[in-house]
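To keep things clear, I will list the structure first and then write my remarks on it.
The values are calculated or read from the model by the stated rules, or taken from the named source; none is laboratory data. Because the structure is predicted, anything quoted here is derived from the model rather than measured. Neighbour counts are summed over all protein chains in view; Cβ atoms, including those assigned to glycine, are modelled from backbone coordinates with ideal geometry. Side chains are part of the model used for accessible areas, which takes the heavy atoms of the whole protein and leaves out ligands, DNA and RNA. Shrake-Rupley method; radii C 1.70, N 1.55, O 1.52, S 1.80 Å.
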Amino acid sequence: MIINQPVHVHAVVEGIIDEAVVKKLFAETGVQCGKIYPQHGVGNLLKKLPDYNQSAKHLPWFVVCDLDRKPCAPSLHHDMIRSFPGGQSTGLRICIAVRAVEAWFMADRGPLARYLSIPQGKIPARPEEVDDPKQTIVNLARQSRSSVVKDAVVPSARSGRSVGPGYTATIIEFVQDKWCPVRASKAAPSLARALARCRALG
């Protein structure tokens with residue numbers, strides 16, 4: 001008797017926060033999570049994407065990256081596909097966060113407000129229209145009633161960094177324990193598209 005084994009979906013992402021995002025998306029949509037490969041930046045991701053596109057001939061692959069300063073998600077998606085041999089995708093599911101995955105977190109306003117210890121009204125109601133979602137979260141944390149949040153998320157003036165020393169760990173904890181992608185997708189169209197692509201893989 002042959003038993004069909006569940007198909008595991010592999011993923012390639014920019015960094016470890018995105019890795020936590022993919023795991024949450026897969027868990028929410030019933031996708032069996034395979035290996036996830038953080039690329040330490042969008043430059044590395046784009047450089048290696050043609051190789052993952054080749055692999056997608058045989059195994060399902062999921063990609064998450066930020067739009068950042070690019071003009072629009074369709075334009076970035078087109079540029080990615082154009083880099084593949086023959087200009088064709090073999091079946092990669094490419095999801096582009098507008099303008100960064102931090103916008104997806106802000107879309108879950110109530111839980112993020114409680115987590116950062118700030119009034120919910122301070123969080124943008126349309127987070128995908130924010131120019132720099134990551135910096136916005138840092139600025140929100142500056143207003144936190146919690147010194148623990150401030151110390152972790154907000155950089156010191158002398159550090160020269162854009163985020164505090166505990167930013168990554170704090171955001172990953174929020175993603176794992178508090179963030180609800182389905183709820184957040186109501187205020188983040190690019191997240192809704194990512195969830196739809198996940199469901200198509202499940």
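Some observations on this one:
- The chain - accessible surface per residue (Å², probe 1.4 Å): 51 Å²
- Calculated FRET efficiency for the pair residue 75/residue 7, C-beta based, R₀ 45 Å, to 0.05: 0.90
- From phi via Karplus (6.51, -1.76, 1.60), per-residue ³J(HN,Hα) for region 140-155 in Hz, x at Gly/Pro: 5, 5, 4, 9, 5, 7, 9, 5, 5, 4, 4, 4, 7, 9, 8, x
- Rounded percent of accessible protein surface that carbon and sulfur make up, the chain, 1.4 Å probe: 51 percent
- Here the Karplus relation 6.51 cos²θ - 1.76 cosθ + 1.60, evaluated at θ = phi - 60°, turns the backbone of region 63-68 into coupling constants of 10, 10, 8, 8, 6, 6 Hz, with x for every Gly and Pro.
- Contact order for the chain, expressed relative to its length and based on alpha carbon pairs under 8 Å spaced 6+ residues apart, stands at 22 percent.
- Amide H contacts for residue 34 (H built 1.01 Å from N in the peptide plane; partners 5 or more residues away or on another chain; cut-off under 5 Å): 9, 10.
- Largest first, the residues 10, 40, 78 sort by 1.4 Å accessible area into 40, 78, 10.
- Helix 189-201 vs. the chain, principal-axis angle (Cα, 0 to 90°, nearest 10): 40 degrees
- Taking 19 Å as the limit for the C-alpha separation, the pairs 24/186; 35/70; 70/134; 24/178; 35/186 exceed it in the case of 35/70; 35/186.
- In this structure the amide hydrogen of residue 97, modeled in the peptide plane, comes within under 5 Å of the amide hydrogens of 65, 66, 67, none closer than 5 places in sequence on its chain.
- Taking the C-alpha atoms only, the angle from helix 167-177 to the longest principal axis of the chain is near 70 degrees.
- Full-stretch length increase - residue 147, residue 183 - with 0.36 nm per residue and alpha-carbon distance subtracted: 10.1 nm
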